[in-house]
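S.K.: There's a structure below that I have some questions on.
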Amino acid sequence: MINIYFQLAGLVLTMMVAVLFASKTRLLFDTDMAFAHLMISILTVTVLNIIAVYGMELYVNGKLAEAITLWGGKIYMLFAVLVGYFSLRYTLIVVHNPNEELPDKTLYLKALVPLVLCALAAFFSDVSVKEKGSDGILYFSGSFVYISYLTLIVYLLLCAVVIFRHRSKMERHYFISATAFSVIIFGSIIITFFNPYYKILTFTMALAILFMYLEMENPDDYVDCVSGALNEYTFQKWGEKLLRDRNEMGFFVISLSNADDIKKKMEASEYEFLLRDMKQQLVKLHFGKVFRLDSGEFVCTAKPSEERVIVLGSIMEVVQNLSEKYSGFSAREVRYGAIPSLLEYDDISDFFQDLRFFLRHLETMSKDTWHALDEETLHIKREEDFIVLSLKQAILNDEIMVYYQPIYSTAKQKYTTAEALIRIRDLNGQFMSPERFIPIAEQQGYILTLGHAVFENVCRFIRENNLEEKGFDYIEINISTVQCMQKGLAGELVSMMKKYSISPGFINLEITETTAVKSENTLLKNMQRLIELGVSFSLDDYGSGYSNLDYVIRMPFYLVKLDKLLVWSSFEQEKTRVLLETSVEMFQQMHLKIVAEGVETKEQALYMAGLGVDYLQGYYFSKPVSEAEFLSLVYTNPRKTLA
Ligand code: C2E
Ligand code: CA
Ligand code: CA
């Protein structure tokens, strides 16, 4: 009686895995190749098993020669051993560290030894066809059956050894599925050993490969579920492979800058359609792979032979078409980058650091053209790295300093306030420009520490020198956007003022227009609490950025600071002069105090005073100075007439 249900079930399962495996976007990673080999060997052994079962039936009925039947059986069993060999290969590849070279070829050759021995044994050992008495099930018996089982067990044990030795380095799901794979097959050999007529070996192999596929070769792990592109994890693996193979392939980057803003403008589902559409168009246009990184950028592979300008041109065209199709999405919000090749990197993690910098850097670059991750960009990155190191060092050594720039009151004709300005030396001992390091500190998460240190510094300075009694009205302190987004900002500042017994009325906080726009809700709450206590607020850099005056009306400012560029260009341009003069008039009518910044000449000072500006700040009066210099200025604070 022929019984091949298990074999057929096994065949269906393995074919299912094969179809799934082939139908999804595949990357020809080494692990994928090894998995494919293993899968094909299981498929083959299942087919051979079915043929062998029919062979036995024909042989018993006298329709097939004995030699063919028995050799058919031996070949089937040898292929079962081959599955063991491919399992070992797969295990070796799965456990190896991606940054190291792949196991060299001789290791694979050595791994072949048991298989070769088993094949030789096929010539010297025998196989016979037996029948299970009661229900006439045919099966192979004889010494070669035992030899092949034994060899297969040897392979499974070798797998177990490899897994055990690398268990700490292995990713968990690889560990589980590789172990389960060996255990399932091992179990079925034991069962078949005692009940040879069960013939479940190939079926359990199919089960094992299905399990393995679901657990570790499941392509969903590789794909970003929103866009359908390959995900960041895959990009990393792909990068590792390129580097290992010394492949010259490069990448194109398509960055939807401030994706969050785009998302807000579109419906969630429309945004997903856009991403999906973009992925599909890029795949169509391009011949390589398309990835989407966790930070939202698309990355396409670029062959070294491709003309960058031409490919980028067609990518831009795709984006242009998409922006016509999706109303909330504008091509103006997209930035393009080119990464020539990874070959210059020894270590893939260095590349990813540079890449992350490049993506951030792209945001600050012009939108009309593409930019390359080239020497020039990397130079900027090294500069940034140096700044970050210097910041870390200064924080660690408690070397954050504050300079003070006195501010002249046109009514009292002397200094009545001052602006506190942060000062940090770099690793070479030079002062760094806050304009340069503040944005970096904001991006890299150091700004809260800096802000805290500046505030504490100022409070200590006021207390130690009793500035409150020396003719000064308040000190102005700059607060960054990131600080204003902190719910706890007000609480933090209040407890600091308490610690040094500073009356809140002696503190004025400067906030830029950008901050007012970016973090309005949290900012307003912080402002309300602080204003109730007596802290006042200035709108800094008026006239330098946003031109929406809405928030000047809505937010409780005490003072407006005219940006130095506005002050300077009002001496050059008639239109700016008009803007400045009307602004001053407007703020006066709103009962806001006014500071003019960047007053460098007597002419500027006289002009601003003539307009009725309350305070003047600039190099004409004094540069920002150290605590000691500021103190000597405070003690004398001579009346300084402008006339
Ligand atoms: P800002 O708030 O506009 O500060 C005024 C800047 O103008 C200071 O530059 C000051 O030295 C400079 N300045 C003042 N008068 C003149 C002048 O007559 N001519 C010229 N050319 N420049 C003048 P600084 O100290 O380099 O600070 C740059 C920026 O860094 C500040 O601009 C502020 O936005 C930021 N910053 C400084 N200290 C802090 C701080 O403690 N926290 C935060 N968040 N930002 C700070
Ligand atoms: Ca300021
Ligand atoms: Ca300013």
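S.K.: Could you state the accessible area per residue of the chain in Å², with a 1.4 Å probe and every protein chain left in place?
M.R.: Each residue of the chain exposes 47 Å² on average to a 1.4 Å probe.
S.K.: Please work out the Cα center distance from the range 143-216 to the range 377-407, rounded to the nearest Å.
M.R.: 58 Å
S.K.: If you look at just the Cα atoms of the range 392-505, how large are its Rg and its Dmax in Å?
M.R.: In order Rg, Dmax, the Cα atoms of the range 392-505 give 14.9, 43 Å.
S.K.: Wrap a convex hull around the Cα atoms of the range 156-309, take a quarter of its surface area, and give that in square nanometres.
M.R.: Taking a quarter of the hull surface, the average projection is 13.5 nm².
S.K.: Sticking with this one: Please report the equivalent ellipsoid semi-axes of the range 288-415, computed as sqrt(5 x eigenvalue) of the Cα gyration tensor, largest first, in whole Å.
M.R.: They are 40, 24, 13 Å, listed from largest to smallest.
S.K.: Once phi is turned into θ = phi - 60°, what whole-Hz ³J(HN,Hα) does the Karplus curve with 6.51, -1.76 and 1.60 give for every residue of the range 372-383, x standing for Gly and Pro?
M.R.: Computed from phi, the couplings for the range 372-383 are 9, 7, 10, 3, 4, 5, 5, 4, 4, 5, 4, 4 Hz.
S.K.: Taking 2.2 N^0.38 Å as the expected size of a compact globular protein, what ratio does the Cα radius of gyration of the range 44-92 give against it, to two decimals?
M.R.: Relative to the 2.2 N^0.38 Å estimate, the range 44-92 comes out at 1.36.
S.K.: Specify the inter-centroid distance of the range 585-643 and the range 295-343, based on alpha-carbon positions, in whole Å.
M.R.: If we compute the Cα centre of each part, the gap is 50 Å.
S.K.: May I ask for the equivalent-ellipsoid semi-axes of the range 264-351, computed as the square root of five times each C-alpha gyration tensor eigenvalue and listed largest first in whole Å? Mind showing how you got there, number by number?
M.R.: Numbers: eigenvalues 133, 50, 25 Å².
With the √(5λ) rule applied to the range 264-351, the semi-axes are 26, 16, 11 Å.
S.K.: To the nearest 10 degrees, how steeply does helix 602-611 sit against the main Cα axis of the chain, on a 0 to 90 scale?
M.R.: 80 degrees
S.K.: In addition: So how many Å³ per residue does the convex hull of the Cα atoms of the range 337-411 work out to?
M.R.: Numbers: hull volume 11.4 nm³, N = 75.
Once divided by residue count, the hull of the range 337-411 is 151 Å³.
S.K.: Could you calculate, for the range 517-557, the ratio of the Cα radius of gyration to the Kirkwood radius, expressed as Rg to Rh?
M.R.: My calculation puts Rg/Rh at 0.97.
S.K.: Protein chains only, probe 1.4 Å: how do MET316, MET608 rank by accessible area, largest first?
M.R.: MET316, MET608
S.K.: Can you list residues from other chains, or at least 5 along the same chain, whose modelled amide H is less than 5 Å from the amide H of VAL223?
M.R.: ASN231
S.K.: Still on this structure, please answer the following. Output ³J(HN,Hα) for the range 407-414: one whole-Hz value per residue in order, computed from phi by the Karplus curve 6.51 cos²θ - 1.76 cosθ + 1.60 with θ = phi - 60°, and x for Gly and Pro.
M.R.: 10, 8, 8, 5, 6, 8, 6, 7
S.K.: I've got another one for you. Please state, rounded to one decimal and in Å, the Kirkwood hydrodynamic radius that the chain gives when every pair of distinct Cα atoms enters the mean of 1/r.
M.R.: The Cα-based Kirkwood calculation yields 31.0 Å.
S.K.: Ordering LYS284, LYS499, LYS263 by accessible area with a probe of 1.4 Å, largest first, what comes out?
M.R.: Of LYS284, LYS499, LYS263, the descending order of accessible area is LYS284, LYS499, LYS263.
S.K.: Can you list the residues, at least 5 places off or on another chain, whose amide H is less than 5 Å from the amide H of LYS132, using H built in the peptide plane?
M.R.: Amide H to amide H, under 5 Å and 5 or more residues apart or across chains, LYS132 pairs with ILE137, LEU138, TYR139.
S.K.: Follow-up question, since we're still on this one. Tell me which of PHE235, SER177, GLY250 sits at the most positive position along the dipole axis of the range 137-252, charges placed on C-beta atoms (Lys, Arg +1; Asp, Glu -1).
M.R.: It is SER177, whose Cα lies furthest towards the positive end.
S.K.: Right, something else. How big is the accessible area of ASP563 in square angstrom, nearest 10, if you roll a 1.4 angstrom probe over the protein chains?
M.R.: 10 Å²
S.K.: Helix-only estimate, please: 222 nm mean residue ellipticity of the chain, summing -39500 (n - 2.57) across DSSP H runs of length 4 or more and dividing by its residues, to the nearest 500. Intermediate results must be reported in sequence, preceding the final value.
M.R.: On the way: 25 runs with 366 residues, N = 643.
Helices in the chain give a 222 nm mean residue ellipticity of -18500 deg cm²/dmol.
S.K.: May I pose another question? Rank-order 407-415, 40-48 by packing density, defined as the average count of other C-beta atoms within 10 Å over each peptide's residues, highest first.
M.R.: Per-residue mean Cβ counts within 10 Å order the peptides as 40-48, 407-415.
S.K.: How much of VAL53 can a 1.4 Å solvent probe reach, expressed as accessible area in Å² and rounded to 10?
M.R.: Around 10 Å² of this residue is reachable by solvent.
S.K.: If the only charges are +1 at each Lys and Arg Cβ and -1 at each Asp and Glu Cβ, what is the size of the charge dipole of the chain around the Cα centre, to the nearest 20 debye?
M.R.: About 1440 debye.
S.K.: Residue by residue through the range 141-154, which ³J(HN,Hα) values in whole Hz follow from phi under the Karplus form 6.51 cos²θ - 1.76 cosθ + 1.60 (θ = phi - 60°), with glycine and proline marked x?
M.R.: Along the range 141-154, the couplings run 9, x, 5, 5, 4, 5, 4, 5, 4, 4, 5, 4, 5, 4 Hz.
S.K.: Hey, can you grab everything whose amide H is under 5 Å from the amide H of TYR474? Only 5+ residues off in sequence or another chain; H modelled, so Pro and N-termini drop out.
M.R.: ALA418
S.K.: Next up: Could you tell me what fraction of 2.2 N^0.38 Å the Cα radius of gyration of the range 307-374 comes to, as a two-decimal ratio?
M.R.: Expressed relative to 2.2 N^0.38 Å, the Cα Rg reads 1.27.
The values are calculated or read from the model by the stated rules, or taken from the named source; none is laboratory data. Predicted, not measured: the structure shown is a model, and the values here were computed from it. When we count neighbours, we look across all protein chains shown, and the Cβ atoms used for this are built from the backbone with ideal geometry, even at glycine. The area values use the complete protein model at the heavy-atom level, side chains included, leaving out ligands, DNA and RNA. Shrake-Rupley method; radii C 1.70, N 1.55, O 1.52, S 1.80 Å.
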